[in-house]
Every structure is written in structure tokens, then in C-alpha cells.
Amino acid sequence: MLETALLVGGAFGIRHAFEPDHVAAVSTLVDEDRRSISTGAAWGIGHSLPVIALGALFLLLDVEIPAAVGTGFELLVAGVLIALGVRAI
């Protein structure tokens, strides 16, 4: 059962990584002076580790995130994407 959950979660994670907002965000961070592989790897690790750590913690403690908190995080992400777009311009 755990293997199936990890496989499905990994597949959704890969799909999520190639969504337009992620591709646009990473492309604004990569310019000719930087190494695109290391930037992409840092983005991926920085994205994955907190999700894994917090997900495991929430599962162990049986914690549920309130809808208002989830919405707040979505707004924070929107702000970061806007800032990256402004930076790219």
C-alpha cells in the first residue's frame, strides 16, 4: 500500500513540476551566467524536502491544515510568481 502511495505521489509530483508556473519560475532564475542544472536541482530539492518533511510530520501527528491557511499559502506562491515575472521583465 505504501509503495502505491509513493508511486502515485511521485507521478503527481513530476506532473506538477512541469506545470507552466513552475517552468516559468525556474526559467526566470536561470540566465546565461548561471548553471541551469544546478539551479533546477536546487529548485527541485528545495521544493521536495519541505513537502516530504511536513507531509510526514502532519501524517504522524494527524494534523489537518485549515482551508484559510492553505489559501494563504496559495496567495504567497502567487506573490512569489508575480515577483519573479517582474524580475524577468
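Of the residues 77, 86, only one is in a helix (DSSP H, G or I) and within 20 Å of residue 13 (Cα to Cα); which? Only one candidate qualifies: 77.
Mind checking whether some residue in region 23-33 is modelled with pLDDT of 80 or more, under 22 Å from residue 77 (Cβ atoms), of a type outside the set (S, T, N, Q) and open to solvent by 50 Å² or more (accessible area, probe 1.4 Å)?
Within region 23-33 (the criterion being modelled with pLDDT of 80 or more, under 22 Å from residue 77 (Cβ atoms), of a type outside the set (S, T, N, Q) and open to solvent by 50 Å² or more (accessible area, probe 1.4 Å)), the answer is no, since none of the residues qualifies.
Search region 3-21 for residues that are closer than 15 Å to residue 44 by Cβ and touching a residue at least 12 places away in the same chain (Cβ under 8 Å) and pair each with any residue that is open to solvent by 100 Å² or more (accessible area, probe 1.4 Å) and of a type in the set (Lys, Arg) when their beta-carbon atoms are under 7 Å apart and the residues are at least 6 apart or on different chains. From residues that are closer than 15 Å to residue 44 by Cβ and touching a residue at least 12 places away in the same chain (Cβ under 8 Å), there are no pairs. Pairing residues of region 54-76 that are more than 18 Å from residue 21 (Cβ to Cβ) with residues that are of a type in the set (Asp, Glu) and open to solvent by 100 Å² or more (accessible area, probe 1.4 Å), at Cβ distances under 9 Å and at least 6 apart in sequence or on separate chains, gives 58/64. None of 68, 56 is open to solvent by less than 70 Å² (accessible area, probe 1.4 Å) and either touching a strand residue (DSSP E or B) at 6+ places or on another chain (Cβ under 8 Å) or in a helix (DSSP H, G or I) (or both) except 56.
Going through 48, 38 one at a time, which residue ends up being of a type in the set (S, T, N, Q), free of Cβ contacts under 8 Å to residues at least 12 places away in the same chain and assigned to a helix (DSSP H, G or I)?
Working: 48 fails: free of Cβ contacts under 8 Å to residues at least 12 places away in the same chain.
Every option except 38 fails the conditions.
Consider region 34-51 and keep the residues that are of a type in the set (Val, Ile, Thr) and more than 11 Å from the chain's Cα centre (by Cα). The one that is surrounded by the most Cβ atoms within 10 Å (Cβ to Cβ) is 39. Residues in region 1-17 that are of a type in the set (A, V, I, L, M), assigned to a helix (DSSP H, G or I) and either at pLDDT 80 or above or open to solvent by 100 Å² or more (accessible area, probe 1.4 Å) (or both): 2, 6, 7, 8, 11, 14.
The values are calculated or read from the model by the stated rules, or taken from the named source; none is laboratory data. Just so you know, these numbers come straight off a predicted model, no measurement behind them. Quick reminder, even Gly has a Cβ in these numbers, built from the backbone with ideal geometry, and neighbours come from all protein chains shown. Side chains included, ligands, DNA and RNA excluded: accessible areas come from the protein's heavy atoms. Shrake-Rupley method; radii C 1.70, N 1.55, O 1.52, S 1.80 Å.
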